[in-house]
Amino acid sequence: MLKLQEFYQEMGVSPAVYEYGEKVCEKLKKRFAEIDQIAEYNQAKVLNAMQKNRVSAACFAATTGYGYDDVGRDNLEKVYADVFHTEAALVRPQITCGTHALTVALSANLLPGDELLSPVGLPYDTLQEVIGIRESPCSLKEYGVSYRQVDLLADGKFDYEGIRKAINEKTRLVTIQRSKGYATRPTFSVTQIGELIAFIKDIKPDVVCMVDNCYGEFVETIEPSDVGADMVVGSLIKNPGGGLAPIGGYICGTAECVNRCAYRLSAPGLGQEVGANLGLMPALYQGFFLAPTVVASAEKGAIFAANLYQPLGFKCVPDAEESRHDIIQAIELKSEEGMIAFCGGIQAAAPVDSFATPLPWEMPGYSDKVIMAAGAFVQGSSIELSADGPIRPPYAVYFQGGLTWPHAKLGILMSLQKMIDANLITL
Ligand SMILES: *Cc1c(COP(=O)(O)O)cnc(C)c1O
């Protein structure tokens with residue numbers, strides 16, 4: 001049997017890279033133990049919700065057609081609502097991705113003449129066409145919904161005075177993006193989001209506060225819905241799908257908001273009553289069950305990456321020491337070549353398509369070329385080990401996921417190896 005180090009060498013990780021990685025791991029034991037504690041808490045939270053709602057084999061049966069009386073689907077929504085502590089939940093394979101879930105939540109709860117406010121700067125790239133910041137047919141703007149934005153202050157804090165001035169009689173919905181997306185700004189903690197929501201509701205109590213929760217689920221023991229959000233929205237091929245959900249999105253929130261979302265997703269009058277589960281319930285339940293520990297693995301990978309790259313002179317957001325509120329690690333690689341080498345390493349460590357070479361390409365919904373490394377069981381799944389980023393200064397790669405910590409570790413070591421092979425780093 002090969003020793004681990006020899007095995008890694010056979011897979012392309014040199015002894016020098018392995019040794020450097022081991023030194024970094026040694027320092028991280030305490031932080032990893034803290035992450036395991038959060039996972040333990042969240043595991044109990046999910047289990048408790050599953051037991052309370054009497055999940056049974058009957059929930060796993062496939063339905064087709066209209067999907068009336070779909071026990072598995074309806075019960076899964078109760079489980080989600082209990083975990084997020086909300087009145088209602090919409091969890092559907094018919095929601096095709098995170099952008100779709102957010103689009104449903106926004107267009108269901110904004111009417112012509114209303115205004116949407118983002119108090120945390122520019123939203124995630126794909127939402128810019130949804131809102132109409134970049135012109136698009138069927139944007140909210142085309143339907144007469146106006147948009148206002150307040151940027152973060154230079155230090156990454158909320159511009160409370162600016163926000164106060166931006167709220168007006170038309171303001172109907174506030175969108176708060178928890179994770180940084182493709183920006184090098186900090187991710188907000190759930191507590192910070194709660195403070196922002198309290199501030200906004202103090203000025204205008206009937207405004208709907210929606211949180212784009214992508215990549216944030218289960219990183220902390222509380223969720224934005226625990227601190228006043230009327231809707232939390234995310235993708236099932238990120239954290240809450242636990243790597244097993246092959247498609248889907250969720251919206252958890254007040255009964256009123258979620259009802260409107262269901263009417264928007266299917267049709268007024270039909271709402272949550274229709275939407276067959278197509279046999280996906282085992283994956284959606286089991287994925288949600290695994291999600292807390294999968295998220296912990298991904299977070300360990302992110303922390304390992306920051307602690308590996310920062311001492312080598314690359315700016316990391318969050319930095320090596322900072323507390324974490326999502327699973328994303330941004331690393332500024334300083335050049336297009338750096339992004340290609342890094343992504344090449346992540347790809348080479350993948351269980352699927354490890355032989356492929358990621359290159360920059362024009363991707364729908366994004367204004368710059370994008371590079372993506374993803375050797376995933378589920379196409380584009382970013383709870384699986386993946387790295388991506390738009391080709392523009394500061395050439396930041398956004399690294400995320402890893403269904404298991406050992407896989408995340410190997411992928412990051414491979415990325416470092418490729419950077420060294422391309423003469424971009426010397427150890
Ligand atoms: C991924 C993501 C989205 C959109 O998700 P897709 O599933 O790719 O459509 C929206 N907001 C944030 C912050 C994200 O990270």
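The values are calculated or read from the model by the stated rules, or taken from the named source; none is laboratory data. Keep in mind the model is a prediction, meaning the values are calculated, not measured. All Cβ positions, glycine included, derive from the backbone under ideal geometry; neighbour counts span all protein chains shown.
If residue 139 meets every condition in (1) of a type in the set (S, T, N, Q); (2) in contact (Cβ under 8 Å) with a residue 12 or more places away in the chain; (3) closer than 21 Å to residue 235 by Cβ apart from one, which number is that one?
(2)
Determine which member of the set 226, 202 is free of Cβ contacts under 8 Å to residues at least 12 places away in the same chain and in a helix (DSSP H, G or I).
Among 226, 202, only 202 is free of Cβ contacts under 8 Å to residues at least 12 places away in the same chain and in a helix (DSSP H, G or I).
So, in region 387-399, of the ones that are within 24 Å of residue 248 (Cα to Cα) and more than 11 Å from the ligand (Cβ to nearest atom), which residue ends up surrounded by the most Cβ atoms within 10 Å (Cβ to Cβ)? It would help to see each step written out before you state the result.
We begin by selecting, within region 387-399, every residue within 24 Å of residue 248 (Cα to Cα); these are 387-389, 398-399.
With the extra rule that they be more than 11 Å from the ligand (Cβ to nearest atom), the set shrinks to 387, 389, 399.
Working: 387: 28, 389: 26, 399: 32.
Once the filter is applied, the top-ranked residue is 399.
Among the residues of region 194-224, what is the count of those that are β-branched (Val, Ile, Thr) and either within 16 Å of the ligand (Cβ to nearest atom) or outside the structural domain of residue 114 (by TED's automatic domain parsing) (or both)?
So the count comes out to 2.
Of everything in region 263-276, what is at negative phi, of a type outside the set (Ser, Thr, Tyr) and surrounded by fewer than 24 Cβ atoms within 10 Å (Cβ to Cβ)? Give them in sequence order.
Passing the criteria: 264, 267, 268, 270, 272, 273, 274, 276.
Being assigned by TED's automatic domain parsing to the domain that holds residue 215, over 15 Å from residue 83 (Cβ atoms) and in contact with a strand residue (DSSP E or B) (Cβ under 6 Å, 6 or more places away or on another chain): is that true of residue 257 here?
Numbers: assigned by TED's automatic domain parsing to the domain that holds residue 215: yes; over 15 Å from residue 83 (Cβ atoms): yes; in contact with a strand residue (DSSP E or B) (Cβ under 6 Å, 6 or more places away or on another chain): yes.
Judged against the criteria, residue 257 is a match.
Give region 157-187 a look and list any residue that's within 16 Å of the ligand (Cβ to nearest atom) and either in contact with a Phe, Trp or Tyr (Cβ under 8 Å, 6 or more places away or on another chain) or modelled with pLDDT under 95 (or both), or say none.
Scanning region 157-187 gives 176, 177, 178, 179, 180, 181, 182, 183, 184, 185, 186, 187.
Which condition from (1) within 16 Å of the ligand (Cβ to nearest atom); (2) modelled with pLDDT of 95 or more; (3) buried (at least 21 other Cβ atoms within 10 Å of the Cβ) is the one that residue 374 breaks?
(2)
When only residues in region 290-331 that are within 16 Å of the ligand (Cβ to nearest atom) and among the acidic types (Asp, Glu) count, which is nearest to residue 404 (Cα to Cα)?
Within region 290-331, the match that is nearest to residue 404 (Cα to Cα) is 299.
If you go through region 207-219 one residue at a time, do you hit one that is within 30 Å of residue 164 (Cβ to Cβ), in a helix (DSSP H, G or I) and touching a Gly at 6+ places or on another chain (Cβ under 9 Å)?
no
Please pick out the residue among 271, 344, 287 that is within 16 Å of the ligand (Cβ to nearest atom) and modelled with pLDDT of 95 or more.
Answer to the selection: 287.
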